[in-house]
1. Using the C-alpha gyration tensor of the stretch 22-253, what are the square roots of 5 times its eigenvalues, in whole angstrom, with the largest one first?
2. Just want to confirm a number: the relative contact order over the stretch 22-253, from Cα pairs under 8 angstrom separated by 6+ residues, in percent.
3. Quote the FRET efficiency, to the nearest 0.05, computed for residue 106 versus residue 51 with a Förster distance R0 of 45 Å and r equal to the Cβ-Cβ distance.
4. Please sort 102-110, 216-224, 164-172 by packing, taking for each peptide the average over its residues of neighbouring beta carbons within 10 angstrom, highest first.
5. Compute the Cα gyration tensor for the stretch 40-160, then decide on rounded, prolate or oblate, letting a ≥ b ≥ c be the square roots of its eigenvalues: rounded whenever a/c is under 1.5, prolate when a/b is larger than b/c in the other cases, and oblate in all that remain.
6. Set the Förster radius R0 to 22 Å, insert the Cβ-Cβ distance between residue 223 and residue 157 as r into 1/(1 + (r/R0)^6), and round the FRET efficiency to 0.05.
7. With just the Cα atoms defining each centre, how far is the stretch 103-135 from the stretch 137-174? Give it in Å.
8. Under 14 Å from the 7 Å Cα→Cβ point of residue 237, by amide nitrogen: which residues of the stretch 146-168?
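Since every read-out is calculated from the coordinates, none of them should be taken as a lab result. Nothing here was measured: the structure is a model prediction, and the numbers come from that model. Positions of Cβ are generated from backbone atoms using ideal geometry, with glycine treated the same way; all protein chains shown enter the neighbour counts.
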């Protein structure tokens, strides 16, 4: 398939623009003061967004996710999730490269090659059976690795939920710099986007009890969501000792 220079360069230019814009925003970010757990100067606005997200979840996402779990057979759900995760892998590899994480770049690259070929476009996950596990990363972690941006203020994003200023910028950049977006047909990109949505619905159904306990059974669901997000994210970035880590999905995973 022939790919024009224009089609390849446009997403790259967008990623560069987002990087520059993001770094400009992040230059003003700060870390919590010693002894403080977080910075949340936008709490009033964040709570309003949180309530809107809860209403959307209550009225649309949760019932649709439950219907998806009932109607779609589990093997099909697994295949959709595998396909979506496989399409995301080149984006992980870009961040591995930016972090100079050659070991995980090789691992994710081998995983992508195996699942795309033997796994029939990523519908199946033979790589995991071969011991080639997925190593998640993102542009927020890339910024953290190089010390280019501090965590910044806590924010709750519409639809996407808990985040920080650094991670919010990272999400924008990640969405723009997956190289597959430059080479795949638009129809395939749209299918991938649909698979991503379906995967999120499957996750909402799979972890439904835990998510419901945070959103609907907590005395203060906003504070609970903020605590869990920051605690888990800092653990992912190596900022907390493992003994301080709490996994909200521990009971589900059976560990």
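1. So the equivalent ellipsoid measures 29, 24, 17 Å along its semi-axes.
2. Once normalised by length, the contact order is 27 percent.
3. 0.50
4. 164-172, 102-110, 216-224
5. Values: a/c = 4.06, a/b = 1.18, b/c = 3.45.
Oblate.
6. With a Förster radius of 22 Å, E is 0.80.
7. Value for the Cα centre distance between the two parts: 26 Å.
8. Taking a point 7 Å out along Cα→Cβ of residue 237, the residues of the stretch 146-168 whose backbone N falls under 14 Å are 146-155, 163-168.
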